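The values are calculated or read from the model by the stated rules, or taken from the named source; none is laboratory data. Computed from a predicted structure; not experimentally measured. A quick note on method: Cβ atoms are made from the backbone with ideal geometry, for glycine too, and the neighbour counts reach across all protein chains shown. Surface accessibility is based on the protein's heavy atoms, side chains included, excluding ligands, DNA and RNA. Shrake-Rupley method; radii C 1.70, N 1.55, O 1.52, S 1.80 Å.
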Amino acid sequence: MTRRFRFLIPLLLLAPTLHAASPEVDTGWILAKLARPAPMRTQFVELRGSRLLKKPLRIEGDYARPANDTLVRQVRAPYAETSTIRAGSVTIQRGTSAHTYSLDRAPQLAGLQNSFGALLSGDRSQLERAFRIDSEGSREHWTLHLTPKDARMSAYVRALTLFGRGAELRCIETTPAKGDLQRTLLAGAAVSAAGIDDATRLATLCRG
C-alpha cells in the first residue's frame, strides 16, 4: 500500500464510547462491542514515524461514518484535508482541489474496507476469512491482533493491533511491511493526547 493510502486504514475502525467492567475478555466479546451502526464520529490523533523527522508527524482531525457505505477522514491540523471512501473509490480534497482514485489501484485497501465493514457490522466469520484474529487482556484493558491472510494485503500491511478499554477502541497500531509503525489514537485517548508531543507518552496513551 502506498503512503498515500495507508492513513485510510484507521478510517474503517471507529470507536464506541461505553465502558464494560468485567475482568474477562474474549474475541467474540470485543467484536460485539466494536460493532456499531452509522452515523457516528470520533476524534483522532495520528502519529507517523519517519527516519527523516526528529519526532513523529502529528495529524489531528475526525473520522466519521455518516452512512454504512461512506467513510470520511477530516484533517484539521497541520493542514486541512477531507478524504471520503464511497462506492469503490476514495476522494481526497484540499481546498477547492479534489482528486478521486479507484480502490482498484489499492486492492489491499479494498480488502481492508470489506473486512472492517464486517467488523463494524459484527460479522466475525467474514472478518476471519481475511485475518487471523487473537485477543488478550481483560474487558477493562484488551488487545486485539489482526494478521492479514491474503498475500497481497500482507505485502503492504504486516499486522494491525487494536487497543481498547471496555467498549471503547482507543488506539490502532498499523505495522507496514516496509517503513515505520503508524499509531492512531481515537476517542478518549485522542482527547487525552491534547498538548502532548512526547512519543513515549503518546505510546503509553495508545496502549493504555
Ratio of Rg to Rh over the stretch 38-91 (Cα coordinates, Kirkwood Rh, two decimals) = 1.07
task = Write down Rg/Rh for the stretch 27-207, rounded to two decimals, with Rg from the C-alpha atoms and Rh from the Kirkwood relation over Cα pairs.
result = 0.94
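Applying 1/(1 + (r/R0)^6) with R0 = 41 Å to the Cβ-Cβ distance of Ala98 and Glu24, what FRET efficiency is obtained, to the nearest 0.05?
Values: r = 47 Å, r/R0 = 1.16.
It comes to 0.30.
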Largest-first ordering by accessible area, 1.4 Å probe, given options Asp198, Asp69 = Asp69, Asp198
inquiry  = Residue by residue through the stretch 76-89, what is 3J(HN,Hα) from phi via Karplus (6.51 cos²θ - 1.76 cosθ + 1.60, θ = phi - 60°)? Round to whole Hz and write x for glycine and proline.
reply    = 9, 8, x, 8, 9, 7, 10, 10, 10, 9, 7, 6, x, 9
inquiry  = Given bins 5 angstrom wide, list per bin the percent of all Cα-Cα distances in the stretch 124-191, short to long.
reply    = 4, 17, 23, 23, 20, 10, 3, 0
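Need the full-extension length gain, Asp134 to Ala80, defined as separation in residues times 0.36 nm minus the C-alpha distance. One decimal, nm. Show your work: numbers first, answer last.
Values: separation 54, 0.36 × 54 = 19.44 nm, distance 3.62 nm.
In short, 15.8 nm is gained.
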query = How many nm is it between the label spots at Arg124 and Asn68, if each spot is 7 Å from the Cα in line with the beta carbon?
reply = 2.1
